[in-house]
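Student: The structure that follows is given in the form of structure tokens.
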Amino acid sequence: RPDGTDLRQVTSFPRRQTLFSASFSPDGTRIVFGREGTGGEADVFTMNVDGSSVTPLTRTPRWDSAPDWGGVE
């Protein structure tokens with residue numbers, strides 16, 4: 001919940017894998033996050049709020065670690 005109540009763990013990644021910032025989608029159904037990906041570089045992924053359907057969005061040598069659902073300005 002937005003107020004921080006009713007917390008539950010929705011991820012399970014290997015111990016040494018680095019996770020970066022994350023953001024809920026505007027409709028609250030998905031989470032976008034930065035995680036160690038290709039070649040140890042940070043890539044962007046999405047998943048359902050229950051932790052299922054982890055989907056890579058980027059696979060590049062660029063450092064993509066701070067995704068957000070906002071528009072480009």
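Student: Under the rule of at least 5 residues apart or a separate chain, name every residue whose amide H is placed under 5 Å from the amide H of L57.
Tutor: HN-HN under 5 Å from L57: V44, F45, T46.
Student: Tabulate in residue order the Karplus-calculated ³J(HN,Hα) for region 58-70, using 6.51 cos²θ - 1.76 cosθ + 1.60 with θ = phi - 60°, rounded to whole Hz; enter x for Gly and Pro.
Tutor: In residue order, the calculated couplings are 10, 8, 9, x, 6, 8, 9, 10, 10, x, 8, 8, x Hz.
Student: Each residue of region 18-34 in order: what ³J(HN,Hα) in whole Hz does its phi give by Karplus 6.51 cos²θ - 1.76 cosθ + 1.60, θ = phi - 60°, with x for Gly and Pro?
Tutor: For region 18-34, the Karplus curve yields 8, 10, 10, 5, 9, 8, 6, 5, x, 8, x, 9, 9, 10, 9, 8, x Hz.
Student: On to the next question. Order 13-19, 60-66, 42-48 from most to least packed using the mean count of other Cβ atoms within 10 Å.
Tutor: Packing proxy ranking, top to bottom: 42-48, 60-66, 13-19.
Student: Here is a further query. In the chain, carbon and sulfur make up what percent of the accessible area (probe 1.4 Å)?
Tutor: Whole-percent figure for carbon plus sulfur exposure: 51.
Student: In square nanometres and to one decimal, what's the mean projected area of the convex hull around the Cα atoms of the chain?
Tutor: Numbers: hull surface 22.7 nm².
About 5.7 nm², averaged over all directions.
Student: What is the dipole size for region 13-56, taken about its Cα centre, with +1 at each Lys and Arg Cβ and -1 at each Asp and Glu Cβ, in debye to the nearest 20?
Tutor: Charge dipole, region 13-56, about its Cα centre: 160 debye, nearest 20.
Student: For the pair T11 and V49, how long in nm is the line joining their label points, each one 7 Å along Cα→Cβ?
Tutor: For the pair T11/V49, the computed spacing is 1.7 nm.
Student: Please compute the per residue accessible area over the chain with all protein chains in place, 1.4 Å probe, rounded to a whole number of Å². Could you put the intermediate results ahead of the total?
Tutor: Working: 5390 Å² over 73 residues.
Averaged over the residues of the chain, the accessible area is 74 Å².
The values are calculated or read from the model by the stated rules, or taken from the named source; none is laboratory data. Predicted, not measured: the structure shown is a model, and the values here were computed from it. With ideal geometry, Cβ positions are generated from the backbone for all residues, glycine too; neighbour counts draw on all protein chains shown. Calculation scope for accessible area: heavy atoms of the full protein, side chains included, ligands and nucleic acids excluded. Shrake-Rupley method; radii C 1.70, N 1.55, O 1.52, S 1.80 Å.
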